[in-house]
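Participant: One structure, pasted below without further comment.
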2 protein chains.
Amino acid sequence: MVKPIHLDEQLCFSIYKAQKQFNHFYAQALAPFKLTYPQYITLLSLYEHGTMSVKEVGQTLALDSGTLTPLMKRLEKDGWITRKRSAVDERRVDVSLTAKALSLRDEIYEHVGSCVSAIDLSHDEFEAVKTGVDNVDAKLTAAITQPTR
Amino acid sequence: MVKPIHLDEQLCFSIYKAQKQFNHFYAQALAPFKLTYPQYITLLSLYEHGTMSVKEVGQTLALDSGTLTPLMKRLEKDGWITRKRSAVDERRVDVSLTAKALSLRDEIYEHVGSCVSAIDLSHDEFEAVKTGVDNVDAKLTAAITQPTR
DNA sequence: ATCAATATTATTGTACACGATTATTTTGCT
DNA sequence: AGCAAAATAATCGTGTACAATAATATTGAT
């Protein structure tokens, strides 16, 4: 007497698909800048907080060095950021935005903003979904750290 | 006069993080079976629909052969599925569940079900979030195929 | 001051994801 | 029948993710 699991009734699957659609959406929106979505949110975090260590960027994005180190190297190669060992603490690598990144900031904001507003989603629904998803994320975090019973 | 973009106010970022948490959650839940989340949903689809071609599986999961071919080979190596060229249409590769997969089905359903119920989420909120996310997914799909204006 | 514990980044290995291309087979048009 | 167009998988290249490990630097307790 086991209840069958139907894929289309799974919240995880809805979120899995929506995340892929967002990726696709941002791939189009960011194409003029030749940025991927993870690269874009890395820049967003740096625009917001200024120069940070790799660790600190990782905390804002929930990513570790295994993901960020190669991603940062690509951003550096494409002239968006610079990476420099901290003189104060030689373990740290400080990541800073280049003049190019700073000068293109408003253009990115404007272009992405116009693409996003093309999604026909009311402010209220946006907020409702975001609150709900954030809550699910929190519940998952609690369920993961906690033993399952 | 460009409005700044704050990462934590972005719905895409909430969904991005929630998807990663689900991945983490299922990695724990599926550890006894040595399955990843994408492998798990592939089995779910096969449990639901029976033998299908790679193309058909791809349609149920929104994945293409570039992802599925190597994933299927791993599932085959681990004894979950068999792959066979269709006799009727030599272009197709039919994917079928093995006796192992069929015999473990209820065990997987039960174990995953108990893990999921450990997430403290009311039925109503579950439905509300899922409906909202599905709607966002649909709006994104419309925004992508449609030109941005 | 010493040295074990800790912190930070980089590296390695495995597994997706997906666009683009290739190889093979089937279908549809004449 | 003959052949261009379409369909299906596989392959290749690039870019995440993340666990585990390694390498180096810092801190803290004695």
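Participant: Hey, among B:H24, B:H49, B:H6, which residue is closer than 16 Å to A:V136 by Cα and without any contact (Cβ under 8 Å) to a residue 60 or more places away in the chain? I'd like the intermediate steps shown before the answer.
Facilitator: Numbers: B:H49 fails: closer than 16 Å to A:V136 by Cα; B:H6 fails: closer than 16 Å to A:V136 by Cα.
Going through B:H24, B:H49, B:H6 in turn, just one is closer than 16 Å to A:V136 by Cα and without any contact (Cβ under 8 Å) to a residue 60 or more places away in the chain: B:H24.
Participant: Let me spell it out: the conditions are (1) modelled with pLDDT of 95 or more; (2) outside any helix (DSSP H, G or I); (3) not assigned by TED's automatic domain parsing to the domain that holds A:K55, and A:T131 meets all of them except one. Which number is the exception?
Facilitator: Exception for A:T131: condition (2).
Participant: Scan the range B:71-81 residue by residue and report those that are touching a residue at least 12 places away in the same chain (Cβ under 8 Å) and within 13 Å of DNA strand D (Cβ to nearest atom).
Facilitator: Listed by number, the residues that qualify are B:L71, B:M72, B:R74, B:L75, B:I81.
Participant: Here's a follow-up. Looking at the range B:1-32, which of the residues that are hydrophobic (A, V, I, L, M, F, W, C), more than 25 Å from A:F25 (Cα to Cα) and within 16 Å of the chain's Cα centre (by Cα) is farthest from the other protein chains (Cβ to nearest Cβ)?
Facilitator: B:L30
Participant: Still on this structure, I have one more. Restricted to the range A:82-111, and to residues that are crowded, with 16+ Cβ neighbours inside 10 Å and more than 16 Å from DNA strand D (Cβ to nearest atom), which residue is nearest to the other protein chains (Cβ to nearest Cβ)?
Facilitator: A:Y109
Participant: Further question on the same structure: Please find, among B:R91, B:R83, B:R105, the residue that is more than 21 Å from the chain's Cα centre (by Cα) and either of a type in the set (K, R) or not in a helix (DSSP H, G or I) (or both).
Facilitator: Details: B:R83 fails: more than 21 Å from the chain's Cα centre (by Cα); B:R105 fails: more than 21 Å from the chain's Cα centre (by Cα).
When all the criteria are applied, what remains is B:R91.
Participant: At least 1 residues that are within 13 Å of another protein chain (Cβ to nearest Cβ) and either over 14 Å from the mean Cα position of the chain (by Cα) or more than 9 Å from DNA strand C (Cβ to nearest atom) (or both) in each: list the helices (runs of 4 or more DSSP H) lying fully within the range B:34-77 that qualify.
Facilitator: Answer list for the range B:34-77: B:37-49, B:54-61.
Participant: Shifting gears a bit: Take B:Q19 and tell me if it is polar (S, T, N, Q), closer than 26 Å to A:T141 by Cα, touching a residue at least 12 places away in the same chain (Cβ under 8 Å) and touching a helix residue (DSSP H, G or I) at 6+ places or on another chain (Cβ under 8 Å).
Facilitator: no
Participant: Restrict the check to the range B:16-26 and report whether at least one residue is exposed (fewer than 14 other Cβ atoms within 10 Å of the Cβ), more than 8 Å from DNA strand C (Cβ to nearest atom) and small (G, A, S).
Facilitator: Looking through the range B:16-26, none of the residues is exposed (fewer than 14 other Cβ atoms within 10 Å of the Cβ), more than 8 Å from DNA strand C (Cβ to nearest atom) and small (G, A, S).
Participant: Between residues in the range B:102-121 that are within 20 Å of B:T51 (Cβ to Cβ) and residues that are in a helix (DSSP H, G or I), which pairs lie under 6 Å by C-beta distance while being six or more apart or on different chains?
Facilitator: That search, which allows pairs on different chains as well, returns B:R105/B:Y47.
Participant: Inspect all residues belonging to the range A:45-52 and state whether any of them is surrounded by fewer than 17 Cβ atoms within 10 Å (Cβ to Cβ), among the acidic types (D, E) and more than 11 Å from DNA strand D (Cβ to nearest atom).
Facilitator: Yes: one or more hits.
Participant: Continuing with this model, one more query. Within the range A:84-101, track down each residue that is within 12 Å of DNA strand C (Cβ to nearest atom) and touching a residue at least 24 places away in the same chain (Cβ under 8 Å).
Facilitator: Within the range A:84-101, A:S86, A:R92, A:V93, A:D94, A:V95 meet the criteria.
The values are calculated or read from the model by the stated rules, or taken from the named source; none is laboratory data. Quick caveat, the model's predicted, so the values are computed rather than measured. Every residue, glycine among them, receives a Cβ derived from its backbone with ideal geometry; neighbour counts consider all protein chains shown.
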